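The values are calculated or read from the model by the stated rules, or taken from the named source; none is laboratory data. What you are looking at is a predicted structure, and each value in this text was computed from that prediction instead of being measured. Glycine also receives a Cβ, built like all others from the backbone with ideal geometry; neighbour counts cover every protein chain displayed.
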Amino acid sequence: MNALDAMFYWLGTIVVASPMLLVLILGVCALLGRPLGEQALARVTAAAVVFSLLPAIAILFLMLASGERYVPVEWGDWMSIPNAHLHFHWKFVFDRLSIPFLILSCVLCGVVGVFTRRYLHREEGYQRFFLFYAFFFCGMVLSSVGGTIESLFVGWELVGLSSALLVAYFHERMNPVRNGQRVWSIYRLSDAAFLVAAITMHHLTGEGDFGGLMGSGHWPEGVPETTSSQALLVGTLLLIAAAGKSALPPFSGWLPRAMEGPTPSSAIFYGALSVHLGAYLLLRVSPLLEASTILQGLVILFGTVAALSGAVMSRVQSDIKVTLAYASLTQVGIIVLEIGIGLRYLALVHIIGHASLRTMQLLRAPSLLRDHDAMENAIGSRLAASAAGQGRFRLGQQLWIYRFGIARGYMDAALDRFVVMPFLAAFRLFDRWERGLTDRLSQESSRESDAVELHPETPERAA
């Protein structure tokens, strides 16, 4: 290893190790019951972001100076099952895709961290928020530079876990907890597709390295060595995973529920980074689209439907955060459409620009409402509302579009009917079969004993 390779290795290691160390420090303090004070917590968090951002910028300048386009940093196998073609290989890649997204993640996480320091000042869950924030930051860094599907999956799961926990941040109320469970359940559904895709990649290529899947060349010039049917299978599973993470239809119903969390988490998750993580995954495996025309058509279809439905739903919401969330969905749909068409660099620039803009808008939202009320009080009347676009459709069409938007595309109802209910029906059938078998073996009814345990008689009823 020459001096340049050694410098790349240590800088890349610092980038990844810094958020891991932050999680370790905050986690140990929480477990020991000795949380850091607000000022110390803010400083530790800011230091972790800086120690990830500065080495990432240094790697970028070294790559530009040396002409390197692909810098791998490997930590070796942590688990290997040769006969099953399964192994867990830590590999991080710094290239023309991961470096911009990594720097974007560090900058926006830093901005939201500074904002949160004042926004949640003296809040009861201040330390809890920053612990979840540390998990999210670590997950974003791992997802950004993951060179294998298993290392990216670890970051993907950390982002999903922190997202659900922050949606349920105000856990003393019923609605945030319920919505956090809903977000987590939809993540489980899409992440199952991700896991199946990872196992399929190991079976097809013998490894989870994206380079092995892409064949020759590095992003975006990689040419996959898989057949059209293999690319369609793996690509469709990853598209389902991306749809769940980026709230693409039919998984868009959890997006307004996620607004139950604090404003900083809404900004960093559903305006900036987490909502773009699905599009980033599609960019990472975008060479697969060239191997399957059907897969390319599916990506274009998902992006088009997301853009149109997000545009409709954002115009009928009464909550400013939900409106901005659906506006984010519209832009993410356009980004996915760009990926499907093959405009990869345009999609990457679109992600960076839209994430930065939407973060500022969501952080501004609470004070914007206050300023709006102050302006109306000053002039003594309501501000004029825009009536643009109302004359383009007949009354019946306007009412149908309004119902579609206010019902959020009926996506929650569709998931409940066509996904949740069949699962429940199948498991209830298995439960009946199991109880029937155990009742015959034990010569007593398990259903009656359960009813007694669930509804014990009070002394008055027994008398």
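So that you can scan it fast, the table gives a plain yes or no per residue for (1) in contact with a Leu (Cβ under 8 Å, 6 or more places away or on another chain); (2) under 18 Å from Phe210 (Cβ atoms); (3) outside any helix (DSSP H, G or I); (4) in contact (Cβ under 8 Å) with a residue 40 or more places away in the chain:
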| residue | (1), (2), (3), (4) |
| --- | --- |
| Glu124 | no, no, yes, no |
| Arg128 | no, no, no, yes |
| Leu131 | yes, no, no, yes |
| Phe137 | yes, no, no, yes |
| Leu142 | yes, yes, no, yes |
| Glu157 | no, yes, no, no |
| Leu166 | no, no, no, yes |
| Tyr169 | no, no, yes, yes |
| Asn175 | no, no, no, yes |
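Give segment 251-276 a look and list any residue that's over 12 Å from Tyr169 (Cβ atoms) and not in a helix (DSSP H, G or I), or say none. Walk me through how you get there before you give the answer.
Going residue by residue through segment 251-276, those that are over 12 Å from Tyr169 (Cβ atoms) are 251-257, 267-268, 270-276.
Passing the criteria: Phe251, Ser252, Gly253, Leu273.
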Checklist entry - Restricting attention to segment 252-273, which residues are at pLDDT below 90 and among the hydrophobic types (A, V, I, L, M, F, W, C)? => result Trp254, Leu255, Ala258, Met259, Ala267, Ile268, Phe269, Ala272
Next on the checklist: Taking the criterion of being in contact with a His (Cβ under 9 Å, 6 or more places away or on another chain), under 28 Å from Ile103 (Cβ atoms) and part of a helix (DSSP H, G or I), would at least one residue in segment 311-325 satisfy it?
Outcome noted: no
Checklist entry - Restricting attention to segment 158-213, and to residues there that are buried (at least 19 other Cβ atoms within 10 Å of the Cβ) and among the β-branched types (Val, Ile, Thr), which single residue is modelled with the lowest pLDDT? => result Thr205
Next on the checklist: Residue under question is Ala40, and the condition is that it be part of a helix (DSSP H, G or I), among the aliphatic types (A, V, I, L, M) and within 23 Å of Leu142 (Cα to Cα); does it hold?
Outcome noted: no
Item to check | So Leu102, is it assigned to a helix (DSSP H, G or I), farther than 23 Å from Ser266 by Cα and either touching a Phe, Trp or Tyr at 6+ places or on another chain (Cβ under 9 Å) or among the aromatic types (Phe, Trp, Tyr) (or both) | outcome: no
Next on the checklist: So if I check each of Thr116, Thr13, which one is in a helix (DSSP H, G or I), in contact (Cβ under 8 Å) with a residue 60 or more places away in the chain and exposed (fewer than 15 other Cβ atoms within 10 Å of the Cβ)?
Outcome noted: Thr13
Checklist entry - Is it the case that segment 76-97 has a residue that's out of contact with any helix residue (DSSP H, G or I) (no Cβ under 7 Å at 6 or more places or on another chain), at pLDDT 95 or above and surrounded by 13 or more Cβ atoms within 10 Å (Cβ to Cβ)? => result no
Item to check | helices (runs of 4 or more DSSP H) lying entirely in segment 370-447 (those with 1 or more residues that are exposed (fewer than 11 other Cβ atoms within 10 Å of the Cβ) and modelled with pLDDT of 85 or more) | outcome: 421-442
Item to check | Candidate set from segment 233-250 (those that are crowded, with 24+ Cβ neighbours inside 10 Å and assigned to a loop (DSSP other than H, G, I, E, B)); member that is farthest from the chain's Cα centre (by Cα) | outcome: Leu248
Item to check | So Leu32, is it aliphatic (A, V, I, L, M) and surrounded by 15 or more Cβ atoms within 10 Å (Cβ to Cβ) | outcome: no
